[in-house]
Structure formats: structure tokens, C-alpha cells
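Step one of this worksheet: look at the structure below.
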Amino acid sequence: MKAPFNPFIINTYQGKDYFCDRENDLKTLVSHIKNDRNVVLYAWRRLGKSALIHRLFEELETSKEYETIYIDLLASQNMDEAIQSIASAIYEKYGKTTSGLSAGIQKLFGSIGATISFNALSGLPEITLGIIKQGQQYQSLKALGEFLLSRKKRIVIAIDEFQQIVDYENIKAEAVFRAWVQQIPGVRFIFSGSHRTLMEAMFTEKKRPFYQSSQLESLQPIPLTAYTEFILHHFQAAKKTISPESIEKIYLWSRGQTYTVQLVCNQLFSNYKKITESTVDIVFDQILTQQQSIFANFQKMLTKAQWNVFRAIAKEEPLQNPMGKDFLQKHNLGAASTVRTALKALEKLELVIKDEDYYLVHEVQLARWMARL
Ligand SMILES: Nc1ncnc2c1ncn2[C@@H]1O[C@H](COP(=O)(O)OP(=O)(O)O)[C@@H](O)[C@H]1O
Ligand SMILES: [Mg+2]
């Protein structure tokens, strides 16, 4: 991998030199995999689930004992698209040989009715599945599973944004996936998702197919001490200065959310040699200004009551009692029943989350922006 210009990566995984800590999380995951346990990895958005999976996969691939397959279901709307994503990931991993498409993959894709074409604009291969009949979805997954079982090495599959399957229409997607997982018991699975409540429910409710099938691991923010060391190291290596106090200020403003810490550090690193309180404030401002037009859309999307409650939570967070008299009066929110209804809607949209006993605006940058209104 090429060294990036800026050591504070904000979109992908670029190798462990640019990856902060997570040593304990990594150990836990490795231990689950080595002991044949499937894992559920869940946390609020942008804390670093996907990056951690890539970090883990690098480790497993380096050991030469495992083959890893990463599947992202974020954009998938139904089971066919999910199967297509799985087929694409398998193609990415095993399809290309020096002499073209591998024979095994050709046979596999033939059996599930998939074709490979090349996108005229990007030149990248695209896997297209024919329309799969209801009953055949299971057959397709079975064929993909059998292919995986034929591999010599142990296989680990990560399915990212797994909560997506709950929204698939006309199908008991959870039951279909559960059957697939049981069909290939030699394959280890990591199910990752950012809808914490949904993920927990899927794996802990008695009546659901995945009940008690996997180890639940909830990812926490990187500790401030570890983050401080990481940030100091990268600034010092570039002969730039930043103080632990400034780092703490960034960490608190970001609520420890990895993405926002990275973004602030990325901009500070690119613009300044000596970081001070005021340069940090300037970057906070810049970040909120850049997102202004996106943030403003939330007001249009919500009812007046929802917006008022949303903004009030941003101003008071962490908020313990949203039905409390003081809160209602201070922000002019009207009746408790109105607030209750609005809050329910906001929680359903995952715009507001309940962490421990506190209500928070999920997107930390949006929270900081609204708090200023
Ligand atoms: N341990 C880490 N050290 C440095 N950057 C990280 C780390 N974990 C995640 N990131 C960065 O933070 C951002 C959000 O992480 P991501 O894995 O996409 O979050 P999630 O999958 O939980 O939504 C990414 O841009 C990633 O590069
Ligand atoms: Mg992710």
C-alpha cells in the first residue's frame, strides 16, 4: 500500500500504521474466530466497525491460515441483491486468475445463473444475476456455500450492515441467512451492523432465527489515552506540534467518534504546523460550515415538533429526562405527549439514540451544528 499524504485517514483502511489501537478488540475477535465462534459486531455509526474488520482480515490473511471475504449489504434492498453482493465478493476473491476467469467460478456462476459483464464506463466487472425465483434463492446460496466448502483454507465471511436484511420484502431473510450459515458450519461469520437496537434484537430475541447463535461484541470508542498517543505520534513524525489538551478538546467535541476525530485531525494536519486552541476552533467551524446545506435538510425532512425536540436534545445532550418539566419549558416544547410522539419518531429514524440512560443526537457533527442554532 502507498503511504498516504495525510496520516489521518477518513474513508478506508490503509494499513495498521494509520490505524489507532483496537488491540483488545482485535484479540477478542481473533480468539472468537480461532475457537469457531461466530460474532456480532455492533456499534453506533462511524466508530470503526468496518475498519476493524479490515484490520482483522489483514491479520488473518497474513497468518496464511484463513481466507477472508467482505460483503457489504448497505445498498441492498432485497434478497436477490444480497445474493448478488455475495457472488460479487466471491468473484473478487477467487474469480481472477492470470488466464482469465477461474474454471471453478465459471461453473459456480453458471449454476446460479450469474453473468459477468464489464461496465463500459469504469471497465470494472459487474456480476448480474438473472431473476431468481423465490425457492431458488436458497439453492443459489447453497451453491455459493458449497463452493466455499471446497476451499482448502478456513474461511471467514464478514457481512457488514447486516441489519439491512430486516427491511427485505416478501421474504423471511433472517431464516434464509440462518439456514445458509448452518449449511456451512466450517465457515466463520462476522455480522456487523450500526443499528444497535436492531442488531441486538435479531440475536437476543428468543423467537428469531439467529437467537443465541453468535457472540455479541459491542464496539466502544477508542480510549482517549490511546488516541492521544496515536495523534501525538503522527504530528511529531511530521515535525508538527499539538498538545494533549488540544487532543482532549477534539475528542470531547467528537464524542469519541472515530470518524470525527479523524476528520478534525486530518484538517488540522493539512493546514497547520503548530496546533493551538484557536486553530482547533477554526477547524470545528470549517467542518460544520462545509456540511451546512446537508444539515439544513433535516429541518425540511421533519415535522415542526420533531425538529424542535431534535434541536433541544442537541443543546442539552446528554439528556436524561426528555419528559422533564424543566426541559419542556426551557425549550418551549409544549405537552409531554407531543414530545413523546416526536421522540419515538426520531428514535425510529435513528436520528436520536439512547446510550446507557442518555438521549443523544446520533450524528455528532449534526449535534454540534444544531447546538449553535
Ligand atoms: N482505529 C482506527 N484508527 C484510525 N482511523 C480509524 C479507526 N477506525 C476507523 N477509522 C476511520 O474512521 C472512519 C469510520 O470508520 P468505519 O470503520 O467506517 O466506521 P463504521 O463502520 O463503524 O461506521 C473511517 O474513515 C476509518 O478510516
Ligand atoms: Mg461501516
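Work from the charge dipole of the chain (Cβ charges, +1 for Lys and Arg, -1 for Asp and Glu, about the Cα centre) and give the residue of A114, N35, L373 farthest towards its positive end.
A114
In nm, to one decimal, how far is the K153 label point from the E61 one, both placed 7 Å along Cα→Cβ?
Simple spin-label model gives 0.9 nm for this pair.
Work out the length of the dipole vector of the stretch 302-373 about its Cα centre, built from +1 on the beta-carbon of each Lys and Arg and -1 on the beta-carbon of each Asp and Glu, and round it to the nearest 20 debye.
380
Go through A342, A179, T97 and say which Cα lies farthest out towards the positive end of the charge dipole of the chain; charges sit on Cβ, +1 for Lys and Arg, -1 for Asp and Glu.
A179
Using a 1.4 Å probe over the heavy atoms of the protein chains, calculate the carbon and sulfur portion of the accessible area of the chain as a whole percent.
Carbon with sulfur: 51 percent of the solvent-accessible area.
Using the crude model of +1 on Lys and Arg Cβ and -1 on Asp and Glu Cβ, and no other charge, please compute the dipole size for the chain relative to its Cα centre, in debye to 20.
I would put it at about 260 debye.
Among S192, G130, A51, whose Cα projects farthest towards the positive end of the dipole of the chain, with charges put on the beta-carbon of Lys, Arg (+1) and Asp, Glu (-1)?
Going by the Cα projections, it comes out as G130.
Evaluate the charge dipole of the stretch 22-218 about its Cα centre and quote only its size in Debye, nearest 20, assuming +1 on the Cβ of each Lys and Arg and -1 on the Cβ of each Asp and Glu.
Taking the Cα centre of the stretch 22-218 as origin, the dipole is about 500 debye.
Figure the gain on full extension for M323 and S31 (residue separation times 0.36 nm, minus the Cα-Cα span) and round it to one decimal in nm.
Stretched out fully, the M323 to S31 stretch lengthens by 100.7 nm.
Could you give the distance between the Cα centres of the stretch 295-373 and the stretch 86-129, to the whole Å?
47
Which distance in nm do the two modelled labels at E356 and K330 give, with both placed 7 Å along the Cα-to-Cβ direction?
Simple spin-label model gives 1.8 nm for this pair.
Helix 173-183 versus the longest principal axis of the chain: what angle, 0 to 90°, nearest 10, using Cα atoms?
50
Taking the Cα atoms only, what angle lies between the long axis of helix 304-316 and the longest principal axis of the chain, rounded to 10 degrees?
The helix 304-316 is inclined about 70 degrees to the chain.
Per residue, how large is the accessible surface of the stretch 228-373? Use a 1.4 angstrom probe and give square angstrom.
The answer is 52 Å² per residue.
Measure nothing fancy, just the Cα-based angle from helix 224-237's long axis to the longest principal axis of the chain, in degrees from 0 to 90, nearest 10.
90
Say the cut-off is 25 Å between C-alpha atoms; which of K152/K206; K93/K206; K93/K172; K107/K152; K93/K152 go over it?
K152/K206; K93/K206; K93/K172
What 222 nm value per residue comes from the helices of the chain, counting each DSSP H run with n ≥ 4 as -39,500 (n - 2.57) and dividing by all residues, nearest 500 deg cm²/dmol?
It lands at -16000 deg cm²/dmol.
Among DSSP bridges having both ends in the chain, what percentage is antiparallel? Round to the nearest 5.
Antiparallel: roughly 40 percent of the beta bridges in the chain.
Please sort 335-341, 46-52, 76-82, 211-217 by packing, taking for each peptide the average over its residues of neighbouring beta carbons within 10 angstrom, highest first.
My ranking of the peptides, most packed first, is 46-52, 76-82, 211-217, 335-341.
Would you please give the FRET efficiency between E92 and T289, computed as 1/(1 + (r/R0)^6) with r the Cβ-Cβ distance and R0 = 41 Å, to the nearest 0.05?
0.60
For the stretch 166-182 and the stretch 262-294, write down the distance between their C-alpha centroids in whole Å.
43
Where both residues lie in the stretch 22-218, what percent of DSSP beta bridges are antiparallel, nearest 5?
Taking every DSSP beta bridge within the stretch 22-218, about 25 percent pair in antiparallel fashion.
The values are calculated or read from the model by the stated rules, or taken from the named source; none is laboratory data. This structure is a prediction, so every number in the text was calculated from the model and none was measured. Here the Cβ is made from the backbone with ideal geometry for all residues, glycine too, and neighbour counts use every protein chain on show. Only protein heavy atoms, including side chains, enter the accessible area calculation; ligands, DNA and RNA are left aside. Shrake-Rupley method; radii C 1.70, N 1.55, O 1.52, S 1.80 Å.
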